[in-house]
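Chemist: Please read through the structure below; I'll follow up with questions.
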Amino acid sequence: MLIDTKKTIAYKCSSCGSFEFFNISLFSLLHKKENSFFCRCRKSCITIKQEGENGFLIRIPCIGCGNEHTYLIGKKNMVFKELNVFNCPETGMQQCFLGIDIPVRKKVDNLEKELDELIDMFGYDNYFKNTQVMLDSLNKIHDIAAQGGLFCECGSVDIELVLLSDRILLKCSRCNAGKLVKAVTNENLKDLMQRQGILISSNDFEYGKKKVDKYFQKTNN
C-alpha cells in the first residue's frame, strides 16, 4: 500500500481573514518537535507539535471567537484520513482543514462558492465595502438572535436589520431604538465574533440615529 506523506493545511487567518495553504511532509513534522506556519500577512500562524508517540497538537488562532484553540489529532488520522476539519468550539466556524491536497482545496472552494452565491442572491457585490466581512457579520448576528442574545432594552426581540455599505443598523420594531454595528474590516468581524449577545438601548438610539442621518446625508449629496 502506498502512503502519501505529503499533506495540505488550509486555515483562515485570524488577522487578515484569508485562507492560507501550506504543503507539508509528514517526515518534516516528525523531524522537528514543533513547526509553525505563518500567514502571508505575518500576523498569525498555526503550530503543530508532536504529542507523545501517537499524536499531534495543533494550535490555531481563531477568527471566530478571538481565542486560540488546541486540537489533538492522532497519527492515523493525520496519515490516512482524507480530510480533517477543525471547527471553532464557540461559533462552529470551520477554520482549518488538513489532509490530501485535492479534498482540502475543494472544501475551501466550496466555502467560497457558498459565499459567492450569497453575494449573487442579494445582489450586493458592488455595494458593500467588504462583502465577506458583511456576510460573516450577518451570519454571526443571526446566530446570536437564534440563541436569544439579540434584544432591546424595552424587552422586545423583534429587531430589524438595515444593511449599509459598511455597517449594519439593528433597529427595534417596538420603540425604534437602534444600534450600529461596523462591518468593514476583519477587526470589526473579530470584535463581533467574540460577542455572545447584543443589547440595544435608548442611549444607542441617539448615537445611532445621528450616525445614520449623517451617513445618508453624505451619500445623498
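Chemist: So residue 37 fits all but one of (1) in a strand (DSSP E or B); (2) touching a residue at least 24 places away in the same chain (Cβ under 8 Å); (3) crowded, with 16+ Cβ neighbours inside 10 Å; what number is the exception?
Modeler: (3)
Chemist: When only residues in segment 32-64 that are in contact with a Gly (Cβ under 7 Å, 6 or more places away or on another chain) and at pLDDT below 85 count, which is nearest to residue 189 (Cα to Cα)?
Modeler: Going through the qualifying residues, I end up with 63.
Chemist: If you don't mind, there's one more thing I want to ask. Residues of segment 79-110 being within 21 Å of the chain's Cα centre (by Cα), at negative phi and in a loop (DSSP other than H, G, I, E, B), which ones?
Modeler: 88, 89, 90, 91, 93
The values are calculated or read from the model by the stated rules, or taken from the named source; none is laboratory data. These figures come from a predicted structure and were not determined experimentally. Heads up, the Cβs are rebuilt from the backbone with ideal geometry, glycines too, and the neighbour counts pull from every protein chain shown.
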